1. Does D103 satisfy being assigned to a helix (DSSP H, G or I) and either under 26 Å from R193 (Cα atoms) or modelled with pLDDT under 95 (or both)?
2. With respect to A85, determine if the residue is aliphatic (A, V, I, L, M) and in a loop (DSSP other than H, G, I, E, B).
3. With the requirement that a residue be farther than 18 Å from I115 by Cβ and in contact (Cβ under 8 Å) with a residue 24 or more places away in the chain, what does segment 17-26 give you?
4. Considering only segment 59-73, I want to know if a residue exists there that is out of contact with any His (no Cβ under 6 Å at 6 or more places or on another chain), of a type in the set (A, V, I, L, M, F, W, C) and within 26 Å of F224 (Cβ to Cβ).
5. Name the residue that is nearest to L111 (Cα to Cα), counting only residues in segment 146-171 that are of a type outside the set (G, A, S) and at pLDDT below 95.
6. Considering (1) touching an Asp or Glu at 6+ places or on another chain (Cβ under 9 Å); (2) over 27 Å from D155 (Cα atoms), say which one S40 fails and leave the rest.
7. Within segment 165-183, count every residue that is assigned to a loop (DSSP other than H, G, I, E, B) and buried (at least 17 other Cβ atoms within 10 Å of the Cβ).
Amino acid sequence: MKVLLTNDDGYQSPGVAAARDALIAGGVQVLTVAPDGPRSGTARSASFRKAITQTRAGGDDANPIYVTNGTPTDCVRVAVLSGLAHDVDAVVSGINEGANLGDDATYSSTLGSAIEGALLGFPALAASQQSRDGRFRLVDLTDYDFSHGAKIMTDLTKLMIRDRSKLPPRSVLNFNAPALPAREVKIASLDRRIWDPSRIHSIETENGPGWLLFGTHPERDPTFEHRSGSDSWVLSQGDAALTPLNFEWTLPSARTAFTRWARSAVAELNKARAL
């Protein structure tokens, strides 16, 4: 088994190191191609008029690390389309510093680069870690324990590779690990943020008033609806949330089939973790 690993916090981030270490410990070869610095919140931003470079930055011959000057989506594209990732079985993005839940996932370049992998024909997984304080901020401000989530991420990746022929095309797993070690993994829907314009934090700039649209204030971030069965609700219960997404937009049956597979995979995973 071999995966292409990327992330949006930069090739030197502790999250990508935790993902790489866990995958290798699980018997998976890892080709890491990640940005030269943080690229959070770029969703599926791609470079159309800039040459993307990929430079060897470490690792060994079996598990090399490359750094690029592009976005996370660029990382996946250049690795695959240049032929560097010609023999990988899946694309993994993460582990992100902070959860990517509900509406927030649409801004996430962790998810965005996983989607790129799916569109290029690979099983794909986006992995994110809630901060230790268990808050649901737009931008987390505290530290992370990646170890437990990384193990689940690795097991999910291996299940996707094993069952690759059964998965509908353009399928992505959005995985979020809770602050503390998860009791179990649960299938979850995407939750919704509750936006209140009066709570957006403003500051003075040299050009007049400005508004901090994300990471507004540690005590004033918009909350989630926390609907039962949603990803934020699952994390609040101490479980890990897994949201199967399919980008075969006009074929609803593809998402249904992927959700069916995900439920079976989660049951198998939870059973193995309980032994």
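The values are calculated or read from the model by the stated rules, or taken from the named source; none is laboratory data. Treat the numbers as computed from the prediction; the structure is a model and nothing was measured. No Cβ is skipped: glycine too gets one built from the backbone with ideal geometry, and neighbour counts run over all protein chains shown.
1. Yes, satisfied.
2. Yes: the conditions hold for A85.
3. A18, R20, D21, A22, L23, I24, A25, G26
4. Taking every residue of segment 59-73 in turn, none turns out to be out of contact with any His (no Cβ under 6 Å at 6 or more places or on another chain), of a type in the set (A, V, I, L, M, F, W, C) and within 26 Å of F224 (Cβ to Cβ).
5. Once the filter is applied, the top-ranked residue is R170.
6. Failed condition: (2).
7. Matching residues across segment 165-183 total 6.
Listed here are the residues, each with its yes/no results for (1) over 19 Å from the mean Cα position of the chain (by Cα); (2) of a type in the set (A, V, I, L, M); (3) at pLDDT 95 or above; (4) farther than 22 Å from N100 by Cα.
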{"residue": "S202", "(1), (2), (3), (4)": "yes, no, no, yes"}
{"residue": "T205", "(1), (2), (3), (4)": "yes, no, no, yes"}
{"residue": "L213", "(1), (2), (3), (4)": "yes, yes, no, no"}
{"residue": "N246", "(1), (2), (3), (4)": "no, no, no, no"}
{"residue": "P252", "(1), (2), (3), (4)": "yes, no, no, yes"}
